[in-house]
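Structure, as structure tokens:
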Amino acid sequence: MSESNASGKSGAKILVGTASWSDPGFIERWYPKKMPAGDRLPWYAQHFDLVEVNSTFYSVPEPRMVERWCAVTPDGFTFDVKLHQLFSLHSTRAKLLPPDLQDRVETDAKGNVKPTRDTQETVLKTFLRAMAIFRNAGRMGVLLLQLSPAFSPRKHELSELEPLIEMLNGYELAIEFRNRNWAIGDQLQSTVDFVRKHRAIFVNVDAPASDHFTVMPADVDEVTNSNVAYLRLHGRNAKAYITGKTVAARFDYDYNGREIAEVAERSRKLAKEAREVHVIFNNNNLDYAPRAALRLRKALGQMVKTPAETLELF
């Protein structure tokens, strides 16, 4: 098992992990061959203290499944959980809701859910039932709201997020903007001030150098909540990010040693202003993410366990 965590100068914990633990590339190239699906999470938790659950963006998690996740991970392991897409202004098909809710929500002509306050409250109640299991087990990290790129300053107001923020009172909420215009020019300060005022967590990113509206600037390092700072790493492949048709294609990037050193320095900088820093690798093509995350842990001076299959080299 890994040593607990590297610290910033303030004693902050820097937790490192990946977005999901079950991407196809991980299974093919990182986990031991033929490892049963049920053994992957405990094996992952031997190498990392943190994971970001992404499956919850597409479906509300079953309580029994969350109970299993908690049972197979050690004390001190943390789950950051992505909120369902219904809350992030993405079009959401009714079939992505729990079966007992599908017939109770309003839909438009295309079969997409109308995201009314009542609908959000109903779905959130079910969602938070599963989150309570994480919390009771001491495994709850933050809830991640990953907004649609369509949520732009030209068409939307930050105040539209307030009802959800209110409903999540008592949870740490991280907000990832996916429209660049929220984080450039004069708008950046207004955005950060709003997030800070609501004690939410501004998600900083590592992303390609591009002015495309879907690519957030990578030179923003904001800590808006002294409990947790958040850094998500999307890789630096601009063409793939903008034109990729699949998640693996969009975030197809393998960080080199110099870049990992930069990320380590950035993580330490954030650690000066927050009690915990959550660093998530989302460059999830092949096994790039877990290998980069392990290299970052080493760069931060954290003891890491060598994946078993690499021992065959010696």
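The values are calculated or read from the model by the stated rules, or taken from the named source; none is laboratory data. Note that the coordinates shown come from a computational prediction; the quantities given were computed from them, not determined experimentally. Glycine also receives a Cβ, built like all others from the backbone with ideal geometry; neighbour counts cover every protein chain displayed. Surface areas here come from the heavy atoms of the whole protein model, side chains and all, with no ligands, DNA or RNA. Shrake-Rupley method; radii C 1.70, N 1.55, O 1.52, S 1.80 Å.
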Probe 1.4 Å, heavy atoms of protein chains only: per residue, the accessible area of the stretch 16-172 in Å² is 48 Å²
Range in the chain, longest, excluding exposed trypsin sites (Lys or Arg not before Pro) [loop by DSSP; at most 10 other beta-carbon atoms within 10 Å]: 156-244
Looking only at 124, 143, 296, which one moves most when the chain is put into a Gaussian network model with springs between Cα atoms under 10 Å? 124
Just grab the label-to-label distance for residue 196 and residue 243, each label 7 Å out from Cα along the Cβ direction, in nm (one decimal). 4.0 nm
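Is the shape of the stretch 1-160 rounded, prolate or oblate, going by the alpha carbon gyration tensor and its root eigenvalues a ≥ b ≥ c, with a/c under 1.5 for rounded and a/b larger than b/c for prolate?
On the way: a/c = 1.99, a/b = 1.59, b/c = 1.25.
Taking the square roots of the gyration eigenvalues as a ≥ b ≥ c, the stretch 1-160 is prolate.
Within the set of other residues whose C-beta is less than 13 Å from the C-beta of residue 91, count the net charge using Lys and Arg as +1 and Asp and Glu as -1.
On the way: positive: 93, 95, 110, 114; negative: 108.
Around residue 91, the surrounding residues sum to +3.
What stretch of the chain, leaving out the sites themselves, is the longest with no GluC sites (Glu not before Pro) in a DSSP loop having at most 15 other Cβ atoms within 10 Å? Don't skip to the answer; put the middle values down first.
Values: sites that count: 3, 106, 157.
Between the exposed loop sites, the longest stretch runs 158-314.
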Length released on extending from residue 226 to residue 256, taking residue separation times 0.36 nm less the Cα-Cα span: 7.8 nm
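Could you work out the percent of alpha carbon pairs in the chain separated by over 23 Å, rounded to a whole number?
Working: 27842 of 49141 pairs.
Tail of the P(r) past 23 Å holds 57 percent of the pairs.
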